[in-house]
Amino acid sequence: MELLDNPVRPYAWGSRTVIAELLGQSVPSPHPQAELWLGAHPADPSHLVYDDGATKSLGDALAADPERLLGPDRACRWDGRLPFLLKVLAAEEPLSLQAHPSLEQAITGFTQENAAGIPVDASDRNYRDPNHKPEVICALTEFHALIGFRDAEASVRLLRALDVPELAAHTELLAAQPGPDGLRALFTTWITLPQSMLDELVPALQQGAIRLAGEPGEWQREARTALELSERYPGDAGVLAALLLNRVVLQPGEALYLPAGNLHAYLSGAGIELMANSDNVLRGGLTPKHVDVAELLRILDFRAGPPPVCSGHPEAGWIRHDTPAAEFLLRRWESGRWESGRWESGHCESAEPLVPVAVPDGGPRIVLCTAGSACLRGGDKVMKLRRGAALFMGDVDSGVVIESAEPGTQLFLASDGLG
Ligand SMILES: [Zn+2]
(Lines give C-alpha, C1' and ligand atoms only; values in the text may rest on other atoms or scores of the structure.)
Protein backbone atom coordinates (compact mmCIF):
# COMPACT_ATOMS: atom_id res chain seq x y z
CA MET A 1 0.00 0.00 0.00
CA GLU A 2 1.39 3.34 -1.11
CA LEU A 3 0.34 6.97 -1.17
CA LEU A 4 -0.97 8.25 -4.51
CA ASP A 5 -0.16 11.52 -6.22
CA ASN A 6 -3.17 12.44 -8.36
CA PRO A 7 -3.60 14.74 -11.37
CA VAL A 8 -6.05 17.66 -11.44
CA ARG A 9 -7.99 18.21 -14.70
CA PRO A 10 -8.48 21.93 -15.38
CA TYR A 11 -11.69 21.90 -17.48
CA ALA A 12 -13.36 25.31 -17.81
CA TRP A 13 -16.50 24.27 -15.90
CA GLY A 14 -14.51 23.44 -12.78
CA SER A 15 -14.56 25.05 -9.34
CA ARG A 16 -11.68 27.24 -8.12
CA THR A 17 -12.22 26.27 -4.49
CA VAL A 18 -13.39 22.67 -3.95
CA ILE A 19 -10.34 20.69 -5.11
CA ALA A 20 -7.86 23.33 -3.93
CA GLU A 21 -9.41 23.17 -0.43
CA LEU A 22 -9.41 19.39 -0.47
CA LEU A 23 -5.71 19.32 -1.38
CA GLY A 24 -4.78 22.05 1.10
CA GLN A 25 -3.76 24.50 -1.65
CA SER A 26 -4.41 28.24 -1.72
CA VAL A 27 -7.96 29.28 -2.58
CA PRO A 28 -9.14 30.35 -5.11
CA SER A 29 -6.95 28.37 -7.48
CA PRO A 30 -5.51 30.34 -10.42
CA HIS A 31 -7.40 28.09 -12.91
CA PRO A 32 -10.66 26.15 -12.69
CA GLN A 33 -10.10 22.67 -11.22
CA ALA A 34 -12.82 20.36 -12.49
CA GLU A 35 -11.71 16.85 -11.62
CA LEU A 36 -9.13 15.03 -9.55
CA TRP A 37 -8.37 11.68 -11.19
CA LEU A 38 -7.39 8.70 -9.06
CA GLY A 39 -6.49 5.75 -11.21
CA ALA A 40 -4.39 4.50 -14.09
CA HIS A 41 -6.01 6.28 -17.04
CA PRO A 42 -3.34 6.43 -19.79
CA ALA A 43 -4.10 10.12 -20.45
CA ASP A 44 -3.34 11.15 -16.86
CA PRO A 45 -2.45 8.38 -14.41
CA SER A 46 -1.91 8.71 -10.67
CA HIS A 47 1.60 8.03 -9.39
CA LEU A 48 2.55 5.76 -6.52
CA VAL A 49 4.77 7.59 -4.01
CA TYR A 50 7.18 5.19 -2.30
CA ASP A 51 8.60 5.65 1.20
CA ASP A 52 11.92 6.93 -0.22
CA GLY A 53 10.09 9.61 -2.25
CA ALA A 54 10.46 7.85 -5.61
CA THR A 55 7.35 7.80 -7.79
CA LYS A 56 5.95 5.50 -10.48
CA SER A 57 2.90 5.73 -12.70
CA LEU A 58 0.17 3.44 -11.36
CA GLY A 59 -0.38 2.16 -14.90
CA ASP A 60 3.30 1.16 -15.20
CA ALA A 61 3.24 -0.48 -11.77
CA LEU A 62 0.17 -2.53 -12.71
CA ALA A 63 1.69 -3.53 -16.05
CA ALA A 64 4.90 -4.64 -14.32
CA ASP A 65 3.19 -6.80 -11.70
CA PRO A 66 -0.47 -7.45 -12.56
CA GLU A 67 -0.78 -10.71 -10.61
CA ARG A 68 0.36 -9.18 -7.32
CA LEU A 69 -1.47 -5.87 -7.62
CA LEU A 70 -4.67 -6.96 -9.39
CA GLY A 71 -4.73 -10.58 -8.17
CA PRO A 72 -4.27 -13.64 -10.41
CA ASP A 73 -7.93 -14.00 -11.43
CA ARG A 74 -8.55 -10.29 -11.80
CA ALA A 75 -5.37 -9.75 -13.86
CA CYS A 76 -7.00 -11.99 -16.45
CA ARG A 77 -10.55 -10.67 -16.06
CA TRP A 78 -9.45 -7.01 -16.34
CA ASP A 79 -6.79 -7.63 -18.99
CA GLY A 80 -3.98 -6.41 -16.72
CA ARG A 81 -5.53 -3.00 -16.16
CA LEU A 82 -7.35 -1.13 -13.41
CA PRO A 83 -11.06 -1.58 -14.26
CA PHE A 84 -12.22 1.67 -12.67
CA LEU A 85 -11.42 5.37 -12.48
CA LEU A 86 -12.21 7.32 -9.29
CA LYS A 87 -12.77 11.07 -9.54
CA VAL A 88 -13.48 14.04 -7.35
CA LEU A 89 -15.77 16.14 -9.54
CA ALA A 90 -16.25 19.85 -8.75
CA ALA A 91 -18.67 21.61 -11.10
CA GLU A 92 -19.04 25.36 -10.93
CA GLU A 93 -20.91 25.43 -14.25
CA PRO A 94 -23.03 22.86 -16.10
CA LEU A 95 -21.34 20.05 -17.99
CA SER A 96 -22.53 18.93 -21.41
CA LEU A 97 -25.69 16.89 -21.92
CA GLN A 98 -24.45 13.35 -22.52
CA ALA A 99 -25.02 9.62 -22.45
CA HIS A 100 -22.74 6.61 -22.50
CA PRO A 101 -23.03 3.47 -24.65
CA SER A 102 -23.56 -0.10 -23.51
CA LEU A 103 -20.67 -2.55 -23.83
CA GLU A 104 -22.10 -4.02 -27.07
CA GLN A 105 -22.67 -0.57 -28.56
CA ALA A 106 -19.13 0.50 -27.61
CA ILE A 107 -17.54 -2.57 -29.18
CA THR A 108 -19.55 -2.10 -32.40
CA GLY A 109 -18.94 1.66 -32.55
CA PHE A 110 -15.22 1.37 -31.82
CA THR A 111 -14.78 -1.32 -34.48
CA GLN A 112 -16.76 0.65 -37.09
CA GLU A 113 -14.88 3.90 -36.47
CA ASN A 114 -11.56 2.03 -36.70
CA ALA A 115 -12.68 0.48 -39.98
CA ALA A 116 -13.69 3.94 -41.26
CA GLY A 117 -10.17 5.17 -40.53
CA ILE A 118 -11.17 7.89 -38.03
CA PRO A 119 -8.16 8.56 -35.76
CA VAL A 120 -8.85 7.68 -32.09
CA ASP A 121 -8.01 11.24 -31.02
CA ALA A 122 -10.10 12.97 -33.76
CA SER A 123 -12.58 15.53 -32.42
CA ASP A 124 -15.47 13.84 -34.24
CA ARG A 125 -14.62 10.39 -32.90
CA ASN A 126 -17.42 8.93 -30.70
CA TYR A 127 -15.78 5.74 -29.45
CA ARG A 128 -12.25 6.13 -28.12
CA ASP A 129 -12.17 2.63 -26.63
CA PRO A 130 -14.29 -0.53 -26.82
CA ASN A 131 -15.60 -0.26 -23.25
CA HIS A 132 -18.84 0.89 -21.65
CA LYS A 133 -18.85 3.67 -19.06
CA PRO A 134 -21.42 3.13 -16.33
CA GLU A 135 -20.86 5.59 -13.50
CA VAL A 136 -21.97 6.24 -9.92
CA ILE A 137 -21.88 9.69 -8.35
CA CYS A 138 -22.04 10.31 -4.59
CA ALA A 139 -22.57 13.90 -3.47
CA LEU A 140 -19.99 15.64 -1.26
CA THR A 141 -21.97 18.89 -1.26
CA GLU A 142 -25.50 19.60 -2.42
CA PHE A 143 -25.27 18.35 -6.00
CA HIS A 144 -27.55 19.46 -8.83
CA ALA A 145 -28.07 17.45 -12.00
CA LEU A 146 -30.39 16.54 -14.84
CA ILE A 147 -30.74 12.75 -14.90
CA GLY A 148 -32.86 10.59 -17.21
CA PHE A 149 -36.22 11.36 -18.80
CA ARG A 150 -38.98 12.65 -16.56
CA ASP A 151 -42.39 10.99 -16.75
CA ALA A 152 -43.83 12.32 -20.04
CA GLU A 153 -47.11 13.51 -18.52
CA ALA A 154 -45.19 15.59 -15.99
CA SER A 155 -43.09 17.05 -18.81
CA VAL A 156 -46.32 18.01 -20.61
CA ARG A 157 -47.38 19.87 -17.45
CA LEU A 158 -44.03 21.70 -17.35
CA LEU A 159 -44.28 22.66 -21.04
CA ARG A 160 -47.84 23.91 -20.53
CA ALA A 161 -46.77 25.91 -17.47
CA LEU A 162 -43.98 27.52 -19.53
CA ASP A 163 -46.73 28.58 -21.92
CA VAL A 164 -44.52 29.33 -24.92
CA PRO A 165 -46.69 29.65 -28.08
CA GLU A 166 -43.78 28.49 -30.29
CA LEU A 167 -43.65 25.23 -28.29
CA ALA A 168 -47.42 24.54 -28.26
CA ALA A 169 -47.35 22.08 -31.17
CA HIS A 170 -44.41 20.22 -29.60
CA THR A 171 -46.23 20.01 -26.29
CA GLU A 172 -49.30 18.50 -27.94
CA LEU A 173 -47.09 15.99 -29.78
CA LEU A 174 -45.94 14.67 -26.41
CA ALA A 175 -49.40 14.94 -24.81
CA ALA A 176 -50.79 12.71 -27.58
CA GLN A 177 -48.13 10.08 -26.97
CA PRO A 178 -47.00 10.33 -23.32
CA GLY A 179 -44.49 7.46 -23.26
CA PRO A 180 -41.04 6.48 -24.55
CA ASP A 181 -42.15 6.81 -28.19
CA GLY A 182 -43.46 10.35 -27.63
CA LEU A 183 -40.28 11.32 -25.77
CA ARG A 184 -38.19 9.91 -28.61
CA ALA A 185 -40.28 11.78 -31.20
CA LEU A 186 -40.07 15.12 -29.40
CA PHE A 187 -36.38 14.78 -28.51
CA THR A 188 -35.62 13.84 -32.12
CA THR A 189 -37.63 16.82 -33.41
CA TRP A 190 -35.76 19.24 -31.18
CA ILE A 191 -32.26 17.92 -31.68
CA THR A 192 -32.63 17.90 -35.48
CA LEU A 193 -34.17 21.40 -35.82
CA PRO A 194 -32.32 23.75 -38.17
CA GLN A 195 -30.23 26.35 -36.37
CA SER A 196 -32.45 29.18 -37.69
CA MET A 197 -35.43 27.69 -35.83
CA LEU A 198 -33.43 27.07 -32.67
CA ASP A 199 -32.36 30.72 -32.75
CA GLU A 200 -36.06 31.61 -32.42
CA LEU A 201 -37.24 28.80 -30.15
CA VAL A 202 -34.62 29.02 -27.42
CA PRO A 203 -35.11 32.79 -26.83
CA ALA A 204 -38.90 32.20 -26.83
CA LEU A 205 -38.43 29.49 -24.22
CA GLN A 206 -36.23 31.88 -22.27
CA GLN A 207 -39.12 34.36 -21.99
CA GLY A 208 -41.40 31.61 -20.65
CA ALA A 209 -38.69 30.51 -18.23
CA ILE A 210 -38.16 34.06 -16.94
CA ARG A 211 -41.86 34.31 -16.09
CA LEU A 212 -42.17 30.81 -14.57
CA ALA A 213 -38.93 31.20 -12.58
CA GLY A 214 -40.51 34.18 -10.82
CA GLU A 215 -43.59 32.23 -9.72
CA PRO A 216 -43.29 30.03 -6.62
CA GLY A 217 -44.68 26.64 -7.59
CA GLU A 218 -44.07 23.15 -8.88
CA TRP A 219 -41.70 24.12 -11.68
CA GLN A 220 -39.70 27.05 -10.31
CA ARG A 221 -36.42 25.14 -10.08
CA GLU A 222 -36.85 23.66 -13.58
CA ALA A 223 -37.60 27.12 -14.98
CA ARG A 224 -34.50 28.58 -13.32
CA THR A 225 -32.37 25.83 -14.84
CA ALA A 226 -33.90 26.43 -18.30
CA LEU A 227 -33.17 30.14 -17.89
CA GLU A 228 -29.59 29.55 -16.83
CA LEU A 229 -28.93 27.11 -19.68
CA SER A 230 -30.57 29.39 -22.26
CA GLU A 231 -28.36 32.28 -21.18
CA ARG A 232 -25.26 30.12 -21.46
CA TYR A 233 -26.21 28.32 -24.69
CA PRO A 234 -28.60 30.68 -26.57
CA GLY A 235 -29.17 28.58 -29.71
CA ASP A 236 -28.51 25.10 -28.35
CA ALA A 237 -31.05 22.27 -28.79
CA GLY A 238 -29.80 20.90 -25.46
CA VAL A 239 -31.67 23.72 -23.67
CA LEU A 240 -34.93 22.29 -25.03
CA ALA A 241 -33.92 18.67 -24.42
CA ALA A 242 -33.08 19.53 -20.80
CA LEU A 243 -36.79 20.33 -20.26
CA LEU A 244 -37.53 16.61 -20.54
CA LEU A 245 -35.10 15.46 -17.85
CA ASN A 246 -35.47 14.96 -14.10
CA ARG A 247 -34.06 17.91 -12.15
CA VAL A 248 -32.33 16.24 -9.19
CA VAL A 249 -30.75 17.58 -6.00
CA LEU A 250 -28.54 15.10 -4.15
CA GLN A 251 -27.74 15.76 -0.50
CA PRO A 252 -24.23 14.84 0.77
CA GLY A 253 -23.96 11.04 0.93
CA GLU A 254 -26.74 10.43 -1.57
CA ALA A 255 -25.72 8.65 -4.74
CA LEU A 256 -27.02 7.90 -8.21
CA TYR A 257 -26.10 5.18 -10.68
CA LEU A 258 -26.10 6.08 -14.37
CA PRO A 259 -26.56 3.04 -16.60
CA ALA A 260 -25.91 2.98 -20.36
CA GLY A 261 -28.22 5.18 -22.42
CA ASN A 262 -29.17 7.52 -19.56
CA LEU A 263 -29.19 11.13 -20.76
CA HIS A 264 -27.69 13.37 -18.08
CA ALA A 265 -26.00 16.68 -17.34
CA TYR A 266 -24.32 17.60 -14.09
CA LEU A 267 -25.18 21.21 -13.21
CA SER A 268 -23.25 22.16 -10.07
CA GLY A 269 -21.75 20.80 -6.88
CA ALA A 270 -19.00 18.45 -5.75
CA GLY A 271 -19.14 14.67 -5.76
CA ILE A 272 -17.19 11.46 -5.81
CA GLU A 273 -17.56 9.72 -9.15
CA LEU A 274 -16.57 6.14 -9.84
CA MET A 275 -16.76 4.72 -13.34
CA ALA A 276 -15.57 2.02 -15.67
CA ASN A 277 -12.32 2.95 -17.38
CA SER A 278 -13.64 4.44 -20.62
CA ASP A 279 -13.87 7.78 -22.43
CA ASN A 280 -16.96 6.94 -24.47
CA VAL A 281 -19.28 9.95 -24.33
CA LEU A 282 -22.05 10.81 -26.79
CA ARG A 283 -23.03 14.43 -26.34
CA GLY A 284 -26.51 15.83 -26.83
CA GLY A 285 -25.89 19.55 -26.53
CA LEU A 286 -24.89 22.24 -23.99
CA THR A 287 -21.43 22.05 -25.47
CA PRO A 288 -19.31 23.51 -28.27
CA LYS A 289 -18.00 19.96 -28.87
CA HIS A 290 -18.97 17.41 -31.52
CA VAL A 291 -22.59 16.15 -31.36
CA ASP A 292 -23.38 13.04 -33.42
CA VAL A 293 -27.18 13.12 -33.38
CA ALA A 294 -27.75 9.84 -35.22
CA GLU A 295 -25.44 7.90 -32.92
CA LEU A 296 -26.89 9.54 -29.80
CA LEU A 297 -30.44 8.60 -30.87
CA ARG A 298 -29.28 5.03 -31.41
CA ILE A 299 -28.02 4.58 -27.83
CA LEU A 300 -30.47 6.71 -25.78
CA ASP A 301 -32.88 5.07 -23.35
CA PHE A 302 -36.21 6.92 -23.55
CA ARG A 303 -37.89 5.06 -20.71
CA ALA A 304 -38.98 7.64 -18.15
CA GLY A 305 -39.09 7.56 -14.38
CA PRO A 306 -37.69 9.17 -11.25
CA PRO A 307 -33.94 8.66 -10.80
CA PRO A 308 -33.09 6.08 -8.11
CA VAL A 309 -31.39 8.25 -5.49
CA CYS A 310 -29.88 5.99 -2.81
CA SER A 311 -27.92 6.65 0.39
CA GLY A 312 -26.33 3.20 0.33
CA HIS A 313 -26.58 0.46 2.91
CA PRO A 314 -24.36 -0.36 5.91
CA GLU A 315 -22.00 -3.32 5.87
CA ALA A 316 -19.24 -4.00 8.43
CA GLY A 317 -18.73 -0.35 9.31
CA TRP A 318 -18.86 0.88 5.71
CA ILE A 319 -21.72 2.17 3.59
CA ARG A 320 -21.95 0.40 0.23
CA HIS A 321 -23.29 2.01 -2.91
CA ASP A 322 -24.13 -1.11 -4.89
CA THR A 323 -24.67 -0.96 -8.65
CA PRO A 324 -24.96 -3.63 -11.35
CA ALA A 325 -21.46 -2.73 -12.66
CA ALA A 326 -18.79 -5.42 -12.19
CA GLU A 327 -15.99 -2.89 -12.80
CA PHE A 328 -16.50 -0.88 -9.62
CA LEU A 329 -17.98 -0.65 -6.15
CA LEU A 330 -17.99 2.55 -4.09
CA ARG A 331 -17.94 2.41 -0.29
CA ARG A 332 -17.97 5.25 2.22
CA TRP A 333 -16.79 5.29 5.84
CA GLU A 334 -17.42 7.97 8.43
CA SER A 335 -15.83 8.01 11.87
CA GLY A 336 -18.04 8.05 14.90
CA ARG A 337 -20.99 6.63 13.03
CA TRP A 338 -20.39 2.96 13.69
CA GLU A 339 -19.91 1.88 17.29
CA SER A 340 -19.89 -1.64 18.74
CA GLY A 341 -21.63 -3.00 15.68
CA ARG A 342 -24.64 -0.70 16.06
CA TRP A 343 -25.71 1.77 13.44
CA GLU A 344 -25.86 5.31 14.88
CA SER A 345 -27.28 8.19 12.95
CA GLY A 346 -25.52 10.88 15.00
CA HIS A 347 -21.81 11.65 15.15
CA CYS A 348 -19.79 10.38 18.08
CA GLU A 349 -17.22 12.66 19.71
CA SER A 350 -14.77 9.81 20.32
CA ALA A 351 -11.42 10.62 18.71
CA GLU A 352 -10.68 6.98 17.99
CA PRO A 353 -12.87 4.17 16.71
CA LEU A 354 -13.33 1.61 19.51
CA VAL A 355 -12.50 -1.32 17.27
CA PRO A 356 -10.29 -1.22 14.18
CA VAL A 357 -12.46 -1.25 11.08
CA ALA A 358 -11.41 -3.64 8.33
CA VAL A 359 -10.86 -2.30 4.83
CA PRO A 360 -12.51 -4.91 2.57
CA ASP A 361 -9.94 -7.20 0.87
CA GLY A 362 -9.69 -8.26 -2.74
CA GLY A 363 -8.18 -6.79 -5.87
CA PRO A 364 -6.87 -3.27 -6.46
CA ARG A 365 -8.37 -0.60 -4.21
CA ILE A 366 -8.03 3.15 -3.72
CA VAL A 367 -8.90 4.90 -0.45
CA LEU A 368 -9.44 8.65 -0.54
CA CYS A 369 -9.83 10.83 2.56
CA THR A 370 -12.32 13.67 1.97
CA ALA A 371 -12.61 14.96 5.56
CA GLY A 372 -10.62 14.66 8.79
CA SER A 373 -7.72 12.22 8.89
CA ALA A 374 -7.22 8.53 9.58
CA CYS A 375 -4.45 6.03 10.24
CA LEU A 376 -4.52 2.81 8.25
CA ARG A 377 -2.44 -0.22 9.22
CA GLY A 378 -1.44 -3.01 6.84
CA GLY A 379 0.98 -5.49 8.40
CA ASP A 380 3.84 -3.47 9.93
CA LYS A 381 3.07 -0.41 7.85
CA VAL A 382 0.99 2.43 9.29
CA MET A 383 0.03 5.29 6.99
CA LYS A 384 -1.69 8.51 7.92
CA LEU A 385 -4.23 9.80 5.44
CA ARG A 386 -4.97 13.47 5.79
CA ARG A 387 -7.78 15.22 3.95
CA GLY A 388 -7.23 15.05 0.19
CA ALA A 389 -4.73 12.18 0.43
CA ALA A 390 -5.24 8.77 -1.14
CA LEU A 391 -3.73 5.30 -0.86
CA PHE A 392 -3.45 2.52 -3.40
CA MET A 393 -3.73 -1.05 -2.17
CA GLY A 394 -2.94 -4.02 -4.36
CA ASP A 395 -4.56 -7.45 -4.08
CA VAL A 396 -1.60 -8.53 -1.89
CA ASP A 397 -2.39 -5.81 0.66
CA SER A 398 -4.93 -7.80 2.67
CA GLY A 399 -5.98 -7.32 6.28
CA VAL A 400 -5.67 -3.50 6.19
CA VAL A 401 -7.59 -1.77 9.01
CA ILE A 402 -8.57 1.76 9.91
CA GLU A 403 -6.80 2.02 13.24
CA SER A 404 -7.77 5.52 14.31
CA ALA A 405 -9.47 8.60 12.94
CA GLU A 406 -10.45 12.12 13.88
CA PRO A 407 -14.16 12.67 14.51
CA GLY A 408 -15.85 13.63 11.28
CA THR A 409 -13.39 11.74 9.10
CA GLN A 410 -14.79 10.57 5.79
CA LEU A 411 -13.13 7.99 3.55
CA PHE A 412 -14.20 6.65 0.16
CA LEU A 413 -13.06 3.23 -1.01
CA ALA A 414 -13.05 2.29 -4.67
CA SER A 415 -12.71 -1.36 -5.63
CA ASP A 416 -14.02 -3.53 -8.40
CA GLY A 417 -17.47 -5.04 -7.96
CA LEU A 418 -16.36 -8.67 -7.80
CA GLY A 419 -15.59 -8.96 -4.07
ZN1 LIG B 1 -21.57 10.99 -17.84
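Given 0.36 nm per residue, what is the gain on full extension from E153 to T189 after removing their alpha carbon distance, in nm?
Extending this stretch completely gives an extra 11.2 nm.
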Q | Qualifying GluC sites (Glu not before Pro) for region 173-224 [loop in DSSP, other Cβ within 10 Å: at most 13] | A | E218
**Q.** C76/D279 FRET efficiency (R0 30 Å; Cβ-Cβ; nearest 0.05)
**A.** 0.80
Q) Nearest 20 debye, what's the magnitude of the dipole of region 152-245 about its Cα centre given +1 on Lys and Arg Cβ and -1 on Asp and Glu Cβ? A) 160
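Express in nm, to one decimal, how much length is gained between D44 and R160 on full extension, taking 0.36 nm for each residue of separation and deducting their alpha carbon distance.
Values: separation 116, 0.36 × 116 = 41.76 nm, distance 4.64 nm.
Difference between extended and current length: 37.1 nm.
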**Q.** Interchain or long-range residues, amide H under 5 Å from G71's placed H
**A.** D395
**Q.** Radius 10 Å from Cβ of T171, net charge of other residues (Lys, Arg +1; Asp, Glu -1)
**A.** 0
**Q.** Pairs beyond 23 Å (Cα-Cα), from K56/K133; K56/K381; K133/K289
**A.** K56/K133
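For D65 and D5, what does the FRET efficiency come to when R0 = 22 Å and r is the distance between their Cβ atoms, rounded to the nearest 0.05?
Numbers: r = 19 Å, r/R0 = 0.86.
About 0.70, to the nearest 0.05.
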Q) Ordered by residue, what ³J(HN,Hα) values in Hz, to whole numbers, does region 269-285 give under the Karplus form 6.51 cos²θ - 1.76 cosθ + 1.60, where θ = phi - 60° and Gly and Pro are x? A) x, 10, x, 9, 10, 10, 8, 5, 7, 8, 10, 7, 10, 10, 8, x, x
Q | Helix 220-232 vs. the chain, principal-axis angle (Cα, 0 to 90°, nearest 10) | A | 90
**Q.** Hypothetical label at V27: residues of region 122-145 whose amide nitrogen lies under 17 Å (7 Å Cα-Cβ projection)
**A.** 140-143
**Q.** Where Rh is the Kirkwood radius over Cα pairs, Rg/Rh for the chain
**A.** 1.00
Q | Stretch gain in nm, segment H290-R320, where the contour uses 0.36 nm per residue and the Cα spacing is subtracted | A | 7.2 nm
(Q) With just the Cα atoms defining each centre, how far is region 166-193 from region 18-91? Give it in Å. (A) 43
Q: Could I have the simple spin-label model distance between T108 and E93, label points 7 Å from Cα toward Cβ, reported in nm to one decimal?
A: 3.6
Q) With every protein chain present, what accessible area does D361 have (1.4 Å probe, heavy atoms only), rounded to the nearest 10 Å²? A) 90
Q: Return the sequence-ordered ³J(HN,Hα) values of region 241-250 in whole Hz as given by the Karplus equation 6.51 cos²θ - 1.76 cosθ + 1.60 applied to θ = phi - 60°, using x for Gly and Pro.
A: 4, 4, 5, 8, 9, 5, 8, 10, 10, 8
Q: Check cross-link reach from K384 to the aspartates and glutamates: straight Cα distance under 15 Å, and skip same-chain residues fewer than eight apart.
A: E2, D5, D51, E352, E403, E406
Q: Along Cα→Cβ, 7 Å out, is where each label goes; now give me the distance between the ones at A169 and D51 in nm to one decimal.
A: 7.4
Q.
Taking R0 as 25 Å, what FRET efficiency do you get between E215 and A176 from their Cβ-Cβ distance, rounded to the nearest 0.05?
A. 0.40
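Can you pull out the trypsin sites (Lys or Arg not before Pro) in region 249-332 whose DSSP state is coil and whose Cβ has at most 12 other Cβ atoms within 10 Å?
On the way: sites: R283, K289, R298, R303, R320, R331, R332; in loops: K289, R303.
Of the trypsin sites (Lys or Arg not before Pro), the ones in loops of region 249-332 whose Cβ has at most 12 other Cβ atoms within 10 Å are K289, R303.
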Q | Between region 356-419 and region 237-293, the alpha-carbon center distance in angstrom | A | 29
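For region 62-172, rounded, prolate or oblate, judged on the Cα gyration tensor with a ≥ b ≥ c (square roots of eigenvalues), a/c < 1.5 rounded, else prolate if a/b > b/c?
The shape class here is prolate.
Do any trypsin sites (Lys or Arg not before Pro) in region 78-171 lie in a loop, going by DSSP, with at most 12 other beta-carbon atoms within 10 Å of their beta carbon, and if so which? It would help to have the intermediate numbers written out before the result.
On the way: sites: R81, K87, R125, R128, R150, R157, R160; in loops: R81, R125, R128, R150.
Sites meeting the loop and neighbour criteria: none at all.
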Q: Would you work out if region 170-321 is rounded, prolate or oblate? Take a ≥ b ≥ c from the square roots of the eigenvalues of the alpha-carbon gyration tensor; rounded if a/c is under 1.5, else prolate when a/b is larger than b/c, oblate otherwise.
A: prolate
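The values are calculated or read from the model by the stated rules, or taken from the named source; none is laboratory data. Computed from a prediction, not measured in an experiment: that's the story for all the values here. Neighbour counts run over all protein chains shown; Cβ positions are idealised from the backbone, glycine included. Heads up: the accessible areas ignore ligands, DNA and RNA and are worked out on the full protein's heavy atoms, side chains in. Shrake-Rupley method; radii C 1.70, N 1.55, O 1.52, S 1.80 Å.
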